[in-house]
Amino acid sequence: MDLLENLKKIEEEAELALAGADSLEKLEELRIVFLGKKGKITDVLKQMGKISPEERPVIGQEANKLKDRLNKLLGARKEELADVVRKQRLEEERIDITLPGTEVSAGRAHPLRRVTREIEEIFIGLGFTIEEGPEIETDYNNFEALNVPKYHPARDLQDTFYIDDHYLLRTHTSPVQVRTMARQKPPIRIIAPGRVYRSDEIDASHSPVFYQAEGLVIDKNISFADLKGTIQLFVQAVFGEDTRTRFRPSYFPFTEPSAEVDISCVICRGEGCRLCSHTGWLEILGSGMVHPRVLEMAGIDPEEYSGFAFGMGLDRITMLKYGINDIRLLYENDQRFLHQF
């Protein structure tokens, strides 16, 4: 039977080809060649019409046996090749734990943010709450409600970014105090940190955008002594217990009496150096007792309640705390600078 001989030759050829297949792609090509619809075994079966009826069952059985055998050989060889591919991939993806690790660039809290958080935690410990307000403010909240009416000379002290006749970029965070007094009855004890804007030329100590934190306390029987004690505690918490404070008379439209607060120089500790202009003192904030007129405009009876307020530049506090000599460094986002903190 020529067809039986053909099947035998196909078997030998297939065994040899499958044994030499070196990839899964090559194995699939061989499957199509021998077992596909147009494969070699199919070609043999198509010739069964040329043989006698007695021979057809024999050829059919042998062809089916060959198909089964080749499928088993294909499956076995496929497992072998898959195992080789798997081992090769694992070897390529192997991690050499003896190699130096890749340096991870860790983030840092911005020095301004660090100081702001520290100040917030100090005043939260004293029973204060944190309040915030919009950076675009009304002229009334930014000036008039703080005893600075239109055409008041005190407005010349600050160059303001006006949006129109009624709105502006706030020049301080004191409007947060105004908003708090309008919606909350005493006792009030808040601190309001935030970004403020003034039309200043940029140099080592000035910026048109900077940060402030203002505090406000209103209750019965609040005195200047309460203000001094609060400021002294704050200063020592930030700059050290040996830091001294000094109050100098000053003027602010929204407080009376008013005082500038100095601290003993953080560099020379009061001995005198270039930073403090050889005076031994550094100015850090303004403060005073809330003006009765401000309380009245907020609907608080100044005969029953009194209070104190203070405001500080967070940029200046940060520069003094970390020995930074140029405010521009805080806003340039230089990674070499920021990673020091």
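Summary table
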| item | result |
| --- | --- |
| Sequence-separation-based contact order of the chain, relative, with Cα cut under 8 Å and 6+ spacing, percent | 14 percent |
| Cα centroid separation, region 12-47 to region 116-132 (Å) | 80 Å |
| Gain in span if fully extended, Ala106 to Ile136, counting 0.36 nm per residue against the direct Cα distance | 7.4 nm |
| Length released on extending from Lys50 to Arg328, taking residue separation times 0.36 nm less the Cα-Cα span | 90.3 nm |
| Radius 15 Å from Cβ of Glu144, net charge of other residues (Lys, Arg +1; Asp, Glu -1) | +1 |
| Ala76/Glu12 FRET efficiency (R0 22 Å; Cβ-Cβ; nearest 0.05) | 0.80 |
| Identified option (computed P(r) over Cα pairs in 10 Å bins from 0, in percent; candidates [x] 5, 18, 20, 12, 4, 3, 4, 6, 8, 9, 7, 3, 0; [y] 5, 25, 34, 25, 9, 2, 0; [z] 5, 17, 20, 13, 6, 5, 8, 11, 9, 5, 1, 0) | [x] |
| Cut-off 17 Å (backbone N to label point 7 Å along Cα→Cβ of Asp203), residues of region 247-288 | 275-277 |
| Summed side-chain charge close to Leu3 - residues other than Leu3 whose Cβ falls under 9 Å, Lys, Arg +1, Asp, Glu -1 | -3 |
| Theoretical gain in end-to-end length, Tyr162 to Glu271 [0.36 nm per residue, Cα-Cα removed] | 34.9 nm |
| Taking Leu330, Leu35 and counting other C-beta atoms within 10 Å, the order from fewest to most | Leu35, Leu330 |
| Residues with amide H under 5 Å from that of Ile222, placed H, sequence gap 5 or more | Ser306 |
| The chain: calculated mean residue ellipticity at 222 nm from DSSP helix runs of at least 4, using -39500 (n - 2.57) | -12500 deg cm²/dmol |
| Centroid-to-centroid separation of region 281-311 and region 193-228 [C-alpha atoms, Å] | 13 Å |
| Dipole magnitude of region 111-338, debye to nearest 20 (Cβ charges: Lys/Arg +1, Asp/Glu -1, about Cα centre) | 520 debye |
| Peptides 27-34, 121-128, 88-95 ordered by average Cβ neighbours within 10 Å, highest first | 27-34, 121-128, 88-95 |
| Region 28-93: C-alpha gyration tensor shape, a/c 1.5 cut-off, then a/b vs b/c | prolate |
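Taken together, the values in this text are just the output of simple stated rules run on the coordinates, not laboratory data. Please read all numbers here as calculations on a predicted model, not as lab measurements. No Cβ is skipped: glycine too gets one built from the backbone with ideal geometry, and neighbour counts run over all protein chains shown.
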